[in-house]
Amino acid sequence: MNDRVTISIADGIADVRLNRADKMNALDPAMFDGIIGSIAELAANKAVRVVVLSGEGRAFCAGLDFASFAAMDKGNAREPGRLTTRTHGDANRAQQTAWGWRNLPVPVIAAVHGVALGGGLQICLGADIRIVTPDARLSVLEIKWGLVPDLAGLPLMRELARDDVVRELTFTGRQFSGEEAVRLGFATRTAADPHAEAMALAREIAGKSPDAIRAAKRLLNKRGDSNEPDLLMAESLEQERLIGSPNQLEAVRAGMEKRAPKFSEAG
């Protein structure tokens, strides 16, 4: 992590903010480093139960920094294998900035205001839940620069919206509002203050059993790459691990005693 991304953790909630407000949190090499480092730090912290991801200043993320884009035709930008090398599991380094949020073991809520363009849109799509302002502006912007989405945008978009919608937005690069994003499936709901709404939702999630929440995310992440028999078996395996575990028993006791549960860290 570096000063491009800040993290504050309280009560199991990690408040993560892209921190380049003067450039609308545009993606430069240091921002890529900061996001990837933050994901690694959060993945290793078992005290974290939920993440809220947002941007400082006027926007969530304006996409690729133009100066970085202009430098693409220099140096080793076209070096064979630079992008096809897998550095983070199934993803390359750039894809990790979006796919990494999906692979975190805890839920991630993106709070989006201002703009989420190009890479910025793909990063917020990596979250489990997206809360946006009604007037936010979003775009699959890469076509404007003669490129295609390459931060895991295609698998993320295809699980959220109809194929023809993904194609139209990818082919045109047109901007759409937060309200339209909800209608299309790219956002969960709108709010005048997405960060406050996301923090309220995070507090609700953080109050649930961390073992069950992590198990639920593992199951939900299997949706796109497993057949029905595999999913049925995965359900059974996760439930078998949870039944009778300390946090599961605490959830039952707290419910019967009508009190707030006191969960331990996820196992």
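The values are calculated or read from the model by the stated rules, or taken from the named source; none is laboratory data. Only a predicted model underlies this, so the values are computations on that prediction, with no experimental measurement involved. No Cβ is skipped: glycine too gets one built from the backbone with ideal geometry, and neighbour counts run over all protein chains shown.
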I'd like the residue in the stretch 181-190 that is crowded, with 17+ Cβ neighbours inside 10 Å and not polar (S, T, N, Q) and, out of all such residues, is farthest from ILE131 (Cα to Cα).
LEU184
Quick one: which of GLU180, GLU159 is at pLDDT below 95, at negative phi and in the same structural domain as ILE36 (by TED's automatic domain parsing)?
GLU159
If we ask which residues in the stretch 107-136 are surrounded by 24 or more Cβ atoms within 10 Å (Cβ to Cβ) and in a loop (DSSP other than H, G, I, E, B), their number turns out to be 4
Condition check for LEU141: within 18 Å of the chain's Cα centre (by Cα) and crowded, with 18+ Cβ neighbours inside 10 Å
no
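If the requirement is being buried (at least 17 other Cβ atoms within 10 Å of the Cβ), at negative phi, acidic (Asp, Glu) and at pLDDT 95 or above, which of these qualifies: ASP15, ASP22, ASP65? Before the answer, list the steps.
Numbers: ASP22 fails: buried (at least 17 other Cβ atoms within 10 Å of the Cβ); ASP65 fails: at pLDDT 95 or above.
Sole residue among the options that is buried (at least 17 other Cβ atoms within 10 Å of the Cβ), at negative phi, acidic (Asp, Glu) and at pLDDT 95 or above: ASP15.
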Quick check on my filter: what residues within the stretch 191-220 are more than 21 Å from PRO134 (Cβ to Cβ) and of a type in the set (Asp, Glu)?
GLU204, ASP211
